[in-house]
Amino acid sequence: MRVLLDECLPRRLKRDLVGHVVRTVPEIGWASKRNGELLRLATDAGFEAFVTVDRKLQHQQNLSEFNIAVLVLVANSNTLTDLPAADKNRFGDAANSEER
């Protein structure tokens, strides 16, 4: 699965997503893009999942317009120690669910 990590997440999270092709927003030159444009770029580039901690995203964007799974990690902060463990199987199940 091709996964895009939002710029608000630590890039070291990539290591926890074993078995997936993971890129970060800054790494591909999309830093500072607004959410709608970012989701459109990600979809057009063939990403299948977008991971963020932005809890407001679903209220700011009509996510049904984008053919990409959006996973919002709920944590006290965006530091690696506060983020939920990125279990490969759990991530795959979430990204393959019908809710997009």
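Below are the figures for this structure:
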{"quantity": "Considering residues of region 86-99 that are modelled with pLDDT under 50 and acidic (Asp, Glu) only, the residue nearest to residue 18 (Cα to Cα)", "calculated": "87"}
{"quantity": "Looking only at region 1-26, and only at residues there that are of a type in the set (A, V, I, L, M) and part of a loop (DSSP other than H, G, I, E, B), the one that is nearest to residue 72 (Cα to Cα)", "calculated": "9"}
{"quantity": "Of the criteria (1) more than 19 Å from residue 18 (Cβ to Cβ); (2) at pLDDT 75 or above; (3) out of contact with any helix residue (DSSP H, G or I) (no Cβ under 8 Å at 6 or more places or on another chain); (4) aliphatic (A, V, I, L, M), which one residue 75 fails", "calculated": "(2)"}
{"quantity": "Flag if residue 40 is out of contact with any helix residue (DSSP H, G or I) (no Cβ under 7 Å at 6 or more places or on another chain) and at pLDDT 90 or above", "calculated": "yes"}
{"quantity": "Criterion violated by residue 83 - all others in (1) at pLDDT 85 or above; (2) surrounded by 13 or more Cβ atoms within 10 Å (Cβ to Cβ); (3) farther than 17 Å from residue 2 by Cβ; (4) of a type in the set (A, V, I, L, M, F, W, C) satisfied", "calculated": "(1)"}
{"quantity": "Residues of region 27-62 classified as closer than 19 Å to residue 78 by Cβ and in contact with a Lys or Arg (Cβ under 8 Å, 6 or more places away or on another chain), total", "calculated": "2"}
{"quantity": "Hits in region 6-37 (condition: without any contact (Cβ under 8 Å) to a residue 24 or more places away in the chain, buried (at least 18 other Cβ atoms within 10 Å of the Cβ) and among the aliphatic types (A, V, I, L, M))", "calculated": "22, 25"}
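The values are calculated or read from the model by the stated rules, or taken from the named source; none is laboratory data. Keep in mind the model is a prediction, meaning the values are calculated, not measured. Quick reminder, even Gly has a Cβ in these numbers, built from the backbone with ideal geometry, and neighbours come from all protein chains shown.
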